[in-house]
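Rule-based calculations on the coordinates, nothing more; no lab input. Since the model is a prediction, treat every value here as computed from it, not as a measurement. Neighbour counts run over all protein chains shown; Cβ positions are idealised from the backbone, glycine included.
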Amino acid sequence: MNVDPRLLAPFVAVADELSFSRAAAGLSVTQPALTRQIAQLERLVGARLFDRTTRRVALTPAGEALLDPARRALAALDEGVTAARRAAHGSGDGLRVGLGTCGNVAVAPDVIAVFEARTGSAVEVSRAATGGSVERLLRRTIDVAFLRPPLHDADGIAFRPLLREPMVVVLPSDHALAALDQVPRAALREEPMVWSDRARGPGSWERGLAAIWGDATEGARHVAALRPDEEMMVTAVAAGLGFTLAYASRMRFLHVPGVATRPLDPPLEGELAVAWRADDPSPDVAAFVALAAERIGATAQPV
């Protein structure tokens, strides 16, 4: 089946906004035109992608299944166009930086802004989870990335730890465990979990499950729902589908009603690192890594 990529961007926009009007405004199209594009995509897929009423828009199971592949397809198309332009016109002086999707939203922009000011080099920014960032580094479509170790399938990738920061448990606000100041990890073992697909970051995926159940394989049996990103995981928690784990720094930027965050007992921390190809001789890459360590690693404070 050939699906016009121009139909995927409107689908992802509506999925992100869960609003046809807001998505239409963001895409600079009329709402009827956007509705027609979604209807055309649904005909090609052979399934409804959204449940839509006068009060709410929600992804159907088919829509949830399509969302992550649609994001990857659009990212791959963007990477291909960028690679073609670089092949035709030369790589230029710009540095391509990958940002993760969990918890570095506060620190990475500062490093990028200082790097641009100090060097006069333009920085091209893209976003992907840790697994996607490793793939992009290996495909040479980005030069450096902020990501979350441990890394899998990362031969040839070097990384430098920058800081450690706490993770929290995210619960429905009316859950009995939300009344505690700290939630014992053992108290979560009989609870259903909302988690992400392993491909987003195999190391973090396994580590989060093992932190609660002692073993990732055992923990996977308790995963009641999979969601493609942190915001949708937290939204699923608000809907009562289970608990999830998130970086405390990320939760400061996610404003989802109906959830409570609590520290874990014993505490659980994650690591933020900057990664690059070990065989990359670029002085810009070396300068960026050193700057990231200077701006973030020197303080080693959670963000």
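Available extension along the chain between residue 72 and residue 56 is 3.2 nm, counting 0.36 nm per residue and deducting the alpha carbon span. For residue 246, the amide hydrogen comes within under 5 Å of the amide hydrogens of 168, 170, counting only partners 5 or more places away or on other chains and with H modelled in the peptide plane.
Of all complete DSSP H helices in the chain, those with a Cα span along the helix axis of 27 Å or greater and a mean Kyte-Doolittle hydropathy of -0.5 or more are 61-89. Among DSSP bridges having both ends in segment 165-269, what percentage is antiparallel? Round to the nearest 5. Here the antiparallel bridges make up roughly 65 percent for segment 165-269. Relative contact order of segment 229-289, taken over Cα pairs closer than 8 Å and 6 or more residues apart, is 27 percent. Take residue 174, project a point 7 Å from its Cα along the Cβ direction, then tell me which residues of segment 233-270 have their backbone nitrogen under 13 Å from it. Label zone hits: 238-241, 258-259. Around the amide H of residue 268, modelled in the peptide plane, lie the amide H atoms of 167, all under 5 Å away and 5 or more residues distant in sequence or on another chain.
Residues with beta-carbon under 11 Å from that of residue 108, excluding residue 108: net charge, scoring Lys, Arg +1 and Asp, Glu -1? Once positives and negatives cancel, what remains is +1.
The DSSP beta bridges internal to the chain are antiparallel in roughly 65% of cases. When only the Cβ of Lys, Arg, Asp and Glu is charged (+1, +1, -1, -1), the dipole of segment 5-73 relative to its Cα centre reaches about 160 debye. As a proxy for reagent exposure, ranking 115, 20, 243 by other Cβ atoms within 10 Å from fewest up yields 20, 115, 243. Here the calculated FRET efficiency for residue 21 and residue 47, from their Cβ-Cβ distance with R0 = 22 Å, stands at 0.40, rounded to the nearest 0.05.
Computed 3J(HN,Hα) for segment 122-127, one whole-Hz value per residue from the Karplus formula 6.51 cos²θ - 1.76 cosθ + 1.60 where θ = phi - 60°, is 7, 10, 9, 10, 9, 10, glycine and proline marked x. Computed 3J(HN,Hα) for segment 247-255, one whole-Hz value per residue from the Karplus formula 6.51 cos²θ - 1.76 cosθ + 1.60 where θ = phi - 60°, is 6, 4, 5, 5, 5, 5, 9, 9, 10, glycine and proline marked x. Subtracting the Cα-Cα distance of residue 119 and residue 280 from 0.36 nm times their residue separation leaves 56.1 nm of extension gain. Amide H contacts of residue 123: 95, each under 5 Å away and 5 or more positions distant or on a separate chain (H built 1.01 Å from N in the peptide plane; Pro and chain starts excluded). Among residues other than residue 164 with Cβ under 15 Å from its Cβ, the summed charge is +1 (Lys and Arg +1, Asp and Glu -1).
Can you work out the FRET efficiency for the pair residue 33 and residue 287, with r the C-beta to C-beta distance and R0 = 35 Å, to the nearest 0.05? Result of the calculation: an efficiency of 0.15. The length gained by stretching the chain between residue 218 and residue 9 to full extension, at 0.36 nm per residue less their Cα-Cα distance, is 71.6 nm. Scaled against 2.2 N^0.38 Å for its residue count N, the alpha carbon radius of gyration of segment 162-247 is 1.02.
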